[in-house]
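Notes follow the structure.
The values are calculated or read from the model by the stated rules, or taken from the named source; none is laboratory data. Note that the coordinates shown come from a computational prediction; the quantities given were computed from them, not determined experimentally. Protein only, heavy atoms only, side chains kept; ligands, DNA and RNA dropped before computing areas. Shrake-Rupley method; radii C 1.70, N 1.55, O 1.52, S 1.80 Å.
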Amino acid sequence: MLEFFSFRTIWEYRSLFQEGLRNTFLISIVSLFLALIAGVLACAARLSGWRGLRGVSIAYIESIRSTPLLVQIYFLYFGLPTLGIRIPEIQTGILALMLNSGAYIAEIVRAGITSVPGGQIEAGISSGLSYFQRMRFIILPQALGVTVPPLLGQAITLVKDSALLSMISVVELTRSGQMLTSERFMPAEAFFTVALLYLVIYFFLKYLSGWSQKKLIFRET
Amino acid sequence: MIKFKNVNKWFGSLHVLNDINLQVSAGEVVVVCGPSGSGKSTLIRCINRLERIQKGELFVDGMPLHDSTINLTKLRAEIGFVFQQFHLYPHLSVLENVTLAPIHVRKMKKKEAEALAMEKLERVGLADKATAHPEQLSGGQQQRVAIARGLAMSPKILLFDEPTSALDPEMIGEVLAVMVKLAQEGMTMCVVTHEMGFARQVAHRVIFMDEGKIIETGKPDQFFDNPQSDRAAMFISKILKH
């Protein structure tokens, strides 16, 4: 079987895989960055004292978490133009990944913040620190330690989820595998290479996650 | 300095503070004791408004705490609070624990705050632990750092909520020694504790609470040797057995 496996074809199509890898990488980085902002904002809204804001945040988080990402992508890709909003595929894809990951990140950040013991907050209150000072100097530094590892887990999920953007013809890694397959009918070569490249990204993020777990966790003794 | 006037508070249907009247003047050391659930912790947590009173009036340093328009952070900066579980910030060094509020609330320069913090750590006998992290300290040492953290704000009042209850017996002494020194230097203190030795040595008054009420108030020796109420007598006989 292996004699039919054409490494030469993979090498021939290296620029296609390069483009796919680069796009997957860029889309993931940009989406993750925007998702972090969306997640922190949604989390702040979720924890705010204002009921309306809390309601909007819960509606956003729950509607994202209860529906498949593919449906969300299709909704944005086919739905937005009918509402008169026309944006290119890549941007639509980034928007979908941002909204999707943002909802999960909001819950991760919330878990981090609520994991800080109440006594820490009371100690800060008693010293006369304001709400924002307590957040910045006491709560967030401690929340970070428990938040970063699951955030990197979410980053791994996001990279793999970006494969779904191939469904709206964004030329990312999976799509480049599909293109090779349709041109030369070599699915084994195509998707073996695609999988291998995802694996490289995965191990890089996993390494970061293990490192952060060792460095960032502080606990009250 | 502190004045409770017909103060009431409920947790749901539980009447935790029942018509409390109490006055503490500057320089006075008051020990609050009573069985668990008697409302003694709630009483002192009201003084820096970690808990809100629901009825009555409470003045602290001239500020009406029953009024919701007062500047709470400013008031709290003047009141130190020492918790049963210390609650040091685990991500900061001992020195940073002590300088955090002076730098960000008092707006002191870092150098200045560090000099002040070292002086306070010296007072609690832990200047050599300034660079350590809380997890490297024993319970008694952590509690002394917590006291230094309170002192660094030069508070007008220090509140202690069972400061030695979470400590191993051999560490209680070192914390009490620091508290005795503070009391003798004229700090205004409200201390929830069952440490009779401490009460006898430095308290001006002992307040005995049960079921949200102040049952008895007296000088320490008089209260422990000759309690007026049966409830207090029973309580004292129980803590003496240990």
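Apply the a/c threshold of 1.5 to the C-alpha gyration tensor of chain B and tell me whether it is rounded, prolate or oblate. Oblate, since a/c reaches 1.5 and b/c is not below a/b. When DSSP beta bridges are restricted to pairs lying wholly in the protein assembly as shown, around 55% turn out antiparallel. With protein chains left intact and a 1.4 Å probe, residues in the protein assembly as shown average 48 Å² of accessible area per residue. As a fraction of the 1.4 Å probe accessible area of the protein assembly as shown, surface on carbon and sulfur atoms comes out at 60 percent.
In this structure, the amide hydrogen of B:T164, modeled 1.01 Å from its nitrogen in the peptide plane, lies closer than 5 angstrom to no residue at least 5 positions away or on a different chain. Working from Cα pairs under 8 Å separated by at least six residues, relative contact order for chain A is 29 percent. Hydrodynamic analysis of the protein assembly as shown uses the Kirkwood radius over alpha carbon pairs. Inserted into Stokes-Einstein at 25 °C and 0.890 mPa s, it gives a translational diffusion coefficient of 93 µm²/s. In the frame of its principal axes, region A:9-216 has Cα extents of 70, 45, 22 Å, reported largest first.
The residues of region B:122-168 listed by number as losing at least 20 Å² of accessible area in the complex, against the isolated chain and with a 1.4 Å probe, are B:E135, B:Q142. The rule of thumb for compact globular proteins, 2.2 N^0.38 Å, goes into the C-alpha radius of gyration of region B:82-140 1.08 times.
Rounded to the nearest 10 degrees, the inclination of helix B:139-151 to the longest alpha-carbon principal axis of chain B is 90 degrees.
With θ taken as phi - 60° and the Karplus curve 6.51 cos²θ - 1.76 cosθ + 1.60 applied, the whole-hertz 3J(HN,Hα) list for region A:66-83 is 9, 10, x, 4, 4, 5, 5, 4, 4, 4, 5, 6, 9, x, 4, x, 5, 8 Hz, x standing for glycine and proline. For a straight C-alpha distance cut-off of 23 angstrom, the lysines reachable from B:K40 (same-chain residues fewer than eight places away being disregarded) are B:K3, B:K5, B:K9, B:K55, B:K156, B:K213, B:K219, B:K238, B:K241.
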